[in-house]
Amino acid sequence: MVTRKDWRHRLSSRRWGRFDEVYNASFSQIYAYCRRRTRSREDTEDAVADTYLVAWRRLDELEAADYPVAWLYGVARRVLANQRKSLERHELVEERAATFLSPTASDDPAQRAVHRSQLGDVLEAMMALSPIDQELLVLVAFEQLSHAEIAVVLEIPIDTIKSRLYRARRRLQERVVRETSPSVATLPTEESDRRHA
């Protein structure tokens, strides 16, 4: 007797077989398409992986397409556009952060290099935080919004903003201290933020 589990396994095997055919028939084209439009092999591999993840999730739609490879190109194009937007946001944050170089550091190339390195460490630690922690810290440090303004932007009560911001700063500080030397660049502190409250 065939059980429900057996049927699920057979359906899954068939689905995997169908996906495998599409993957083998199109991989080299999709990889080349993504490679020509990315800066690094890692970005290419990420884009290709995301493209085929969408293909797996929407396999029925892919197979129903008149031109399956063209359908995959469309998916890859959207994946690459999202990848570019994410990269542009990251670069914008770095540019904005660079404007926070102290005047004395900008006069001395060696000091400026050290400061940029420290700033890079802070930004790298920040990217490891949750999206809400990142958003809070960016809104305070780079956009220089008050707690009340952040509450409006995020549609969160102001008291919640204050407590979340406090925790976000602590998590960032702990991550920076753990991953770098203790003498790393100044982080946004409660004192520096009081003027925005």
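With respect to the conditions (1) modelled with pLDDT of 75 or more; (2) under 27 Å from ASP46 (Cα atoms), ALA141 falls short on a single one, namely (2). When the range 1-34 is examined, which residues are found to be at pLDDT 90 or above and open to solvent by 80 Å² or more (accessible area, probe 1.4 Å)? Result: GLU21, ASN24, SER28.
Counting only residues that are outside any helix (DSSP H, G or I), at pLDDT 70 or above and loosely packed, with under 13 Cβ neighbours inside 10 Å, the range 62-109 holds 2 of them. Could you list, in sequence order, the residues of the range 124-143 that are aliphatic (A, V, I, L, M) and in a helix (DSSP H, G or I)? Listed by number, the residues that qualify are ALA125, MET126, MET127, ILE132, LEU136, LEU137, VAL138, LEU139, VAL140, ALA141.
A quick yes/no check of all residues on (1) in a helix (DSSP H, G or I); (2) modelled with pLDDT under 85:
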| residue | (1), (2) |
| --- | --- |
| LEU145 | no, yes |
| VAL153 | yes, yes |
| ILE161 | yes, no |
| ALA168 | yes, no |
| VAL176 | yes, yes |
| ALA185 | no, yes |
| PRO188 | no, yes |
| GLU191 | yes, yes |
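Contact map, the range 156-170: first residue touching a residue at least 60 places away in the same chain (Cβ under 8 Å) and within 15 Å of SER146 (Cβ to Cβ), second residue open to solvent by 50 Å² or more (accessible area, probe 1.4 Å) and assigned to a helix (DSSP H, G or I), Cβ cut-off under 9 Å, separation 6 or more or different chains; the map is empty.
The values are calculated or read from the model by the stated rules, or taken from the named source; none is laboratory data. Please read these numbers as outputs of a predicted model, since none were measured by experiment. Here the Cβ is made from the backbone with ideal geometry for all residues, glycine too, and neighbour counts use every protein chain on show. Please note that ligands, DNA and RNA were not included when accessible areas were found on the heavy atoms of the full protein model with its side chains. Shrake-Rupley method; radii C 1.70, N 1.55, O 1.52, S 1.80 Å.
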